[in-house]
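Chemist: Here it is, the structure, as structure tokens.
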Amino acid sequence: MLSRARLALRAGALVVVCLAVLLPATPAAADDIRGKEYWLEDYGIEEAWQSTQGEGVTVAVIDSGIDATHPDLAGAVIGGTDASGAGDPGGQRGIGEVPGHGTLVSTLLAGRGHTDPATPRPSGSGRAPSPLPEPFSQYGEGPDGIVGVAPKADLLAVSLWIEGQSSGPNPAGVSVDEQVPSAVRWAVDNGADVINMSLGSTSTAWPESWDQAFLYAEQHDVVIVAAAGNRAGGLTQVGAPATIPGVLAVAGLDRSGLASAEASSEGISIAVAAPSENLVGGLPGGFYANWSGTSGAAPLVSGVAALIRSRYPELTAAQVVNRIVDTARDAGQPGFDTLYGYGVLDVAAAVDADIAVPEENRLGSMAQWIQLYRRGGQTPASAPALPSHPPAEVIPVPPVPQAEDPLTSVHDVPALVVLGFSGLMLAVLLGGTLHVARVRRRTSLPTDGHPRRIEPVPGGGNDRW
């Protein structure tokens, strides 16, 4: 079945077209999903798991909502809310333009895997190895499905309504300017140690209504991680909230570990770079999808923040950020640059390295920024996102098809927040196809109450995954 989704995200009249192919599930080996998670080994995550898997840490996912019934998220979501007024009170129903986005993000962050009773294995324990290799099968709640970076962390689901052409405006009438600060404050008040925001805008500035909420998170020792945005979605430069002082902005890397040409952006607020291409994530209803974008890179880093907070509970949020930044592997031009920030994510070093980290957040302070730039209600149009870091020399962006500047195509249209899901649209822009997998169902649900095998669909066309 071929479905075409045309998204008109009102961020400077940005229009993205996506081609997606949904096919019936076919039999597959137990490692088809888990085996695609190359970042678990390549970025030192499996090594870090010898020390911690995120126990005792709570991460709030401010997004489109989370399907907590996904087999890989069973027991992971411990609470939630809806900041839009149009969603499920517990944040567990997908809403807005891309309702499945929050589930994709959450499985990468804290997926727990599962054991599929429909997958043939030798007699004995359901966790026994199959005749085929099962990469990382000893982690999580079973060898099947996705295991996230912090598989023992808890999640809070906070749903937002992001307007698009197919979804229309928020039926509850609550603007994004109101939803975002409300979501951040709720997450802080309900025990979040880390907040993941896989969303962004075409503007480096943010509404003044956000100031106090992000300051509130800073004052309550909460780490905030945000996606840098994707060129394929029209975000050629980093936009808010990734430009807010103290927020850990995540850029994207391709499969080889180089700055992604399409599934990333550029700016002086980038802190680190993490995988943003050839990702796999869970979708509502037990489905899976191959996808790309800094929407996926951000939860990988949020998961690392959870690992650090679990192993070093005495560290402040600023020190957690500094451990991630200070252990990143330098890439691009020597030192800080606008494509990789301080470097490429090194999870094993971030969790295990014996280093001293400064107490002051290297990425700036919201309190200092407000004092400096909101004084008298005057905000410079080009106020620096990182007042504690001098602007770096701008590095030329790798040659890619240039997206139209969304801020010059429409007059007097504010740059609104859009989900970083534009990375998922990358497939069509590169001539590829989005592949989706779903729970393998026979004629009815199993009577034993266990989820059936969830299997990927072999790719067709230009299979980049």
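Chemist: Once you have a ≥ b ≥ c as the square roots of the Cα gyration tensor eigenvalues for segment 222-309, tell me rounded if a/c is under 1.5, and otherwise prolate or oblate according to whether a/b is larger than b/c.
Modeler: Here segment 222-309 falls in the oblate category.
Chemist: So how much slack lies between residue 329 and residue 189, counting 0.36 nm per residue of separation and subtracting their Cα-Cα distance, in nm?
Modeler: Result: 47.0 nm gained on full extension.
Chemist: Using unit Cβ charges (K, R positive; D, E negative) and no other charged atoms, how large, in debye to the nearest 20, is the dipole of segment 196-274 about its Cα centre?
Modeler: Its charge dipole is roughly 260 debye.
Chemist: With a 1.4 Å probe and all protein chains kept in place, how do 95, 370, 268 rank by accessible area, largest first?
Modeler: Accessible-area ranking of 95, 370, 268, largest first: 268, 370, 95.
Chemist: Oh, and also: As an exercise, use a Förster radius of 22 Å and the Cβ-Cβ distance of residue 38 and residue 258 to find the FRET efficiency, rounded to the nearest 0.05.
Modeler: 0.95
Chemist: Right, something else. Quick check: at a probe of 1.4 Å, how many percent of the accessible area of segment 130-184 sits on carbon and sulfur atoms?
Modeler: On segment 130-184, the fraction of accessible area on carbon and sulfur atoms equals 53 percent.
Chemist: Suppose each label sits 7 Å from its Cα in the direction of the beta carbon; what would the residue 316-residue 212 distance come out to in nanometres?
Modeler: A separation of 2.3 nm, rounded to one decimal place.
Chemist: Using only the alpha-carbon atoms of segment 328-367, report the extent along each of the three principal axes, biggest first, to the nearest angstrom.
Modeler: 30, 26, 13
Chemist: Sticking with this one: Tally up the carbon and sulfur contribution to the accessible surface of segment 235-330 as a whole percent, 1.4 Å probe, everything protein left in place.
Modeler: Within segment 235-330, the accessible surface is 53 percent carbon and sulfur.
Chemist: Toward the positive end of the charge dipole of segment 246-322, about the Cα centre and with charges on Cβ (Lys, Arg +1; Asp, Glu -1), which of 315, 271, 250 goes farthest?
Modeler: The listed residue farthest towards the positive side: 315.
Chemist: Sticking with this structure for a sec: So what is the accessible area of segment 145-189 per residue, in Å², with the probe set to 1.4 Å?
Modeler: 32
Chemist: Something else about it: Please list, in chain and number order, the residues 5+ apart from residue 164 or on another chain whose amide H is under 5 Å from its amide H, with Hs placed from the backbone.
Modeler: 97
Chemist: Using a Förster distance of 45 Å, how high is the FRET efficiency between residue 177 and residue 138, based on the Cβ-Cβ distance and rounded to 0.05?
Modeler: For residue 177 and residue 138, the calculated efficiency is 0.50.
Chemist: Given the peptides 328-336, 207-215, arrange them by the average over their residues of other C-beta atoms within 10 Å, most packed first.
Modeler: The packing order, highest mean first, is 207-215, 328-336.
The values are calculated or read from the model by the stated rules, or taken from the named source; none is laboratory data. Computed from a predicted structure; not experimentally measured. All Cβ positions, glycine included, derive from the backbone under ideal geometry; neighbour counts span all protein chains shown. In case anyone asks, the SASA skips ligands and DNA or RNA and just uses the protein heavy atoms, side chains included. Shrake-Rupley method; radii C 1.70, N 1.55, O 1.52, S 1.80 Å.
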